[in-house]
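A short write-up of the structure that comes next.
The values are calculated or read from the model by the stated rules, or taken from the named source; none is laboratory data. What you see is a predicted model, and the numbers here were worked out from it, not measured in a lab. Because the Cβ atoms are built from the backbone with ideal geometry, glycine has one as well, and the counts that use them run over all protein chains shown. Protein only, heavy atoms only, side chains kept; ligands, DNA and RNA dropped before computing areas. Shrake-Rupley method; radii C 1.70, N 1.55, O 1.52, S 1.80 Å.
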Amino acid sequence: MNKIIFTLLAVIGLAVFSSDVSAQFIRSIYTSPDFEQLAKDHKTLAIIPFDATVKLRPKQMKDMSADDLARMEEQEGESVQSALYSYFLRRKSKHNFRVDFQDVTRTNALLAKNGIAYDVLGEYTSEDLAEILEVDGIISGLLVTDKPMSDAGAVAVGVLFGISTATNSGKVAVNINDGATGELLWKYEKALSRELGSDTNQIINALMRKASRKFPYIDK
């Protein structure tokens, strides 16, 4: 009898745990209830460099200046931007995206032309950026990591500290905002883990593959 009771409790506990994990995963994806209304005329989205934070240990920071860290974080932010653009290009025909994605080279050139450096991107609203970039919506996001994932960042840290980037911790979040109203249309957030890979392209591919079924610009 005790064995039966123990087994039932174990099964119930597993079911509750699985339900909690599933609920957490679902909550990591948000789609605005007004998405269809706000995005019905969207034709082009721009991906801006992500807001990146690399959390090196204090011992590592002793051998790196604040400027060095700022440059590394900018490289990481632009690396995610480039990887996400590459993902959308490769998947566009397969997933029937009903929008186009502005070439990130053009995006960054227009930002530079308008005097918008990486470190001041956060001072501009989605409406401001959409007007400057001549697009209908803005894809932005953040990366928080304890190890750089871009080739340049990984090489720099590896040379300085002998750090492997095989594992990682932190999170990635992808946001889409309407260019006309600034409203948040979609958000996906996921913790970094070994299963996602160790470099930017691997992580973005794994991240978006998990979210693709709920990506709102795909014709069902």
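Data overview
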{"read-out": "Probe 1.4 Å, protein heavy atoms only - accessible area per residue of the range 32-99 in square angstrom", "value": "56"}
{"read-out": "Orientation-averaged projected area, Cα convex hull of the range 67-147 (nm²)", "value": "6.3"}
{"read-out": "Modelled FRET efficiency - R0 22 Å, R106 with K214, Cβ distances, 0.05 increments", "value": "0.20"}
{"read-out": "Protection-proxy order for peptides 105-112, 83-90, each taking the mean of Cβ atoms within 10 Å per residue, highest first", "value": "83-90, 105-112"}
{"read-out": "Zone residues, the range 121-138, relative to A66, backbone N less than 18 Å from point 7 Å out along Cα-to-Cβ", "value": "121"}
{"read-out": "Gained length - S193 relative to S28, 0.36 nm times residue gap less alpha-carbon distance", "value": "57.9 nm"}
{"read-out": "Proximal charge balance of I132 [Cβ under 14 Å; K/R count +1, D/E count -1]", "value": "-4"}
{"read-out": "Coil-residue trypsin sites (Lys or Arg not before Pro) of the range 33-89, DSSP, other Cβ within 10 Å capped at 15", "value": "K40, K43, K55, K62"}
{"read-out": "Partner aspartates and glutamates for K55 [C-alpha distance under 18 Å; skip if fewer than 8 residues away on the same chain]", "value": "D63, D67, D68, E73, E74, E76, E78, D119, D146, D151, D199"}
{"read-out": "Added length on full extension, which subtracts the Cα-Cα distance from 0.36 nm per residue, K171 to T53", "value": "41.5 nm"}
